[in-house]
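One structure below.
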Amino acid sequence: MKNKRFSFPAFYLAVVTLVTYLPIAVVVLFSFNDSKLSVAWKGFSLRWYESLFRDAALMEALRNSLLLGLVSCAFAAVIGTLGAIGMARVHYRSKAMMEYLSTMPIMLPEIILGMVFMAFFSLLRLPFGWLTLIIAHTSFCIPYVYLMVKARLVGIDKSIEEAARDLGASPVRAFFDITLPLILPAVASGCILSFAMSFDDVVISIFVNGPTLSTLPIKVYTQIRTGVTPEINALCTIILVSVIAILLLSSALRRKGRVED
């Protein structure tokens, strides 16, 4: 029987998978550890999840992050969708540059973007808090919706909307009856990704956050500097499961949009 030859792609995939997911698996495992020390397994327990939900400060930070993510992705959905539709219908020489500028927030390093927002808000003398957080998060969420809707519009036959216009539909009626239902999966997918990015952000939020307001990533960051506690392990596990669910839903919506084509 011949020995199987060494497969470098399989070995590379195994190493990358191990390095990437082993730390995550350890965090998930020790979130169920009965011991307070994250160095030795003492037994299975859900005590740290109970302790997590009794932590008023963490729960308030969680509510702030959820509200911030929902408001930011709602504004991003409107602006990104209208921007993508508008760019698809115009033709001028600097269109490529405008499209490049529209996606720049997701290409810039977060620390640079955070410093820019902080300097801009300071120049305008805006009080740091909910307003600055919403503006900053909306700004870097818009490109996700814009790119999703733009890609969806490429596969839509323009003659469908033109036929509706020829039959007497106004531009607004044609948009809500024809265009919006066709691009809705892309809008929803972009909103889900925007919410995930907003909920996960810590770097930009630190620069534009107010002194009395705390989001969940900032709260976790400040606590983890003094050492990882079992409650943080439990929180990371819950966030991990939530993000995986969001990404799976986003992928399902994209597949649905492609099938409808």
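The values are calculated or read from the model by the stated rules, or taken from the named source; none is laboratory data. Please read these numbers as outputs of a predicted model, since none were measured by experiment. Heads up, the Cβs are rebuilt from the backbone with ideal geometry, glycines too, and the neighbour counts pull from every protein chain shown. Side chains are part of the model used for accessible areas, which takes the heavy atoms of the whole protein and leaves out ligands, DNA and RNA. Shrake-Rupley method; radii C 1.70, N 1.55, O 1.52, S 1.80 Å.
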**Complete:** Over region 16-31, the set of residues out of contact with any helix residue (DSSP H, G or I) (no Cβ under 8 Å at 6 or more places or on another chain) and either surrounded by 12 or more Cβ atoms within 10 Å (Cβ to Cβ) or β-branched (Val, Ile, Thr) (or both) is VAL16, THR17, VAL19, THR20, VAL26, LEU29
**Item:** Residues being open to solvent by 70 Å² or more (accessible area, probe 1.4 Å) and hydroxyl-bearing (Ser, Thr, Tyr) - total across region 66-111
**Value:** 2
**Prompt:** Residues in region 58-65: is at least one exposed (fewer than 11 other Cβ atoms within 10 Å of the Cβ) and at pLDDT below 85?
**Reply:** no
**Request:** State yes or no: is LEU153 open to solvent by less than 60 Å² (accessible area, probe 1.4 Å) and part of a helix (DSSP H, G or I)?
**Result:** yes
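Every residue, every condition in (1) in a loop (DSSP other than H, G, I, E, B); (2) under 25 Å from PRO143 (Cβ atoms), yes or no:
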position: ARG165; (1), (2): no, no
position: ALA169; (1), (2): yes, no
position: LEU184; (1), (2): no, yes
position: PRO211; (1), (2): yes, no
**Residues (crowded, with 16+ Cβ neighbours inside 10 Å, in a helix (DSSP H, G or I), at pLDDT below 75 and more than 17 Å from the chain's Cα centre (by Cα)) located in region 229-261** = GLY257
**Message:** So, GLY114, is that one in contact (Cβ under 8 Å) with a residue 40 or more places away in the chain, buried (at least 19 other Cβ atoms within 10 Å of the Cβ), more than 18 Å from LEU193 (Cβ to Cβ) and among the small types (Gly, Ala, Ser) or not?
**Reply:** yes
**Those residues of region 186-205 which are outside any helix (DSSP H, G or I) and open to solvent by 30 Å² or more (accessible area, probe 1.4 Å), in sequence order** = VAL202
**Asked** On the given criteria, is THR212 closer than 30 Å to VAL116 by Cα, at pLDDT 80 or above and out of contact with any Phe, Trp or Tyr (no Cβ under 9 Å at 6 or more places or on another chain)?
**Response** yes
**Asked** Counting just the residues of region 117-138 that are under 17 Å from the mean Cα position of the chain (by Cα) and surrounded by fewer than 19 Cβ atoms within 10 Å (Cβ to Cβ), which one comes out farthest from SER214 (Cα to Cα)?
**Response** ILE135
